[in-house]
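This report concerns only the one structure given below.
The values are calculated or read from the model by the stated rules, or taken from the named source; none is laboratory data. Treat the numbers as computed from the prediction; the structure is a model and nothing was measured. In this analysis, Cβ positions are derived from the backbone assuming ideal geometry, glycine residues included, and neighbour counts consider all displayed protein chains. Calculation scope for accessible area: heavy atoms of the full protein, side chains included, ligands and nucleic acids excluded. Shrake-Rupley method; radii C 1.70, N 1.55, O 1.52, S 1.80 Å.
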Amino acid sequence: GARVEGFQRGMSKAQRSLRNFEKSTRRARGMVVGATGAMARGFAAVGTAATIAIADSIRVFADFETSMLRVKAISGATGAEFQSLTDLAKELGSTTAFTAREAAQAMGFLAQAGFEVGEVHKALPKVLSLAAAGQLDLAQAADITASVLRGFGLEASESGRVADVLAAAASKSNTSVEGMGEAFKFAGPVASAMGVSLEETAAALGVLSNAGLKGSLAGTGLRMVLVKMGEDVAGAGGLTQALETLNTEGVQAVVDTMKDLDARAGTAAVALTGQMGTLKSLTEEMRNVEGISDKMAETLLSGVTGSAVKAGSAFEGLRIKLGETFEQFGVGFFEELTLTFQTMNEVIGNMK
């Protein structure tokens, strides 16, 4: 009776949905393969491949969309702001070594670190350069950049300065960008509070890395030295001047200082005072590194492998655009399919 009629209506609706999807697919295929008569004549041979390509593009776009929706949820961006972030991710995905999906994921990390939409626009291109120059994944590069900026109380517009100093320090000392980033997490806030510049901090961490104290060891060692020396650093106008005063007191004074400090801080103090010339020259170099992260990234991507990576990113950008074009067909189909399943569930439930 009524149940059978209801089920039949549900089945008829499902059939209509499938027919509509088939029609939409045919139109979609026509858009892709109907550009020339030759392609149209070859439709029977390439139809399956074209359909697979479209399905793959929709999947790639869906992944990108998911990453951007995460950015939207974290940042609270809506309307024009969210569209500007989406456009930026697509642009960087088509013109750099990283895909739009990866750029969107990096946006998410920056938003999670408290960056506002305007700050993300300023920081993201430099995060990508730092990741390429330091051979890091974008999550690490975003985390390091955000930590250093916040640790020194710098604006997002200083992201380029941070990227350049980190990349240069890693290339000029026995450490990596990742190691420098880890060291800055421990030493940065204290150095900033005492008026030690970003560049001098990076140079000191580089000297400590050359002496075998890397990553967190360098960061905690420098932090302890700064804390122990306290007002001497602020009064001398920086770490280098304070250490020079310490160094002129002779070897015995250094030994005595080491006794006063704990082992790690003492080791760091001795390493720094023993390499004053390197500390000075490296600090000066850090003040003249503007644009180095971009240049390093370009150099690392200048060979055949780099060209292939960039071509792959550009191709993914094309897949995203294609997937976006066909998105509405997929959305309409799944909406209809959902309603169909809901109707069938209700009918079967009423039959019990």
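Taken over region 267-300, the criterion of being surrounded by fewer than 16 Cβ atoms within 10 Å (Cβ to Cβ), of a type in the set (Ser, Thr, Tyr) and more than 31 Å from the chain's Cα centre (by Cα) is satisfied by SER281 alone.
Scanning region 278-315 for residues that are of a type in the set (Gly, Ala, Ser), farther than 18 Å from SER197 by Cα and modelled with pLDDT of 90 or more yields GLY291, SER293.
Selection of region 61-97 for residues being within 18 Å of ALA113 (Cα to Cα) and in contact with a Lys or Arg (Cβ under 6 Å, 6 or more places away or on another chain) yields SER67, PHE82.
Listed here are the helices (runs of 4 or more DSSP H) enclosed by region 18-137 that have at least 1 residues being within 25 Å of SER176 (Cβ to Cβ) and either open to solvent by 40 Å² or more (accessible area, probe 1.4 Å) or at pLDDT below 90 (or both): 79-95, 100-112, 117-134. Pairing residues of region 76-105 that are in contact (Cβ under 8 Å) with a residue 24 or more places away in the chain with residues that are of a type in the set (Asp, Glu) and open to solvent by less than 20 Å² (accessible area, probe 1.4 Å), at Cβ distances under 9 Å and at least 6 apart in sequence or on separate chains, gives GLY93/GLU316; SER94/GLU316; THR99/GLU316; ALA100/GLU316; ARG101/GLU316. Considering region 147-193, the residues that are in a loop (DSSP other than H, G, I, E, B) and not small (Gly, Ala, Ser) include one that is nearest to ALA211 (Cα to Cα), namely ASN174.
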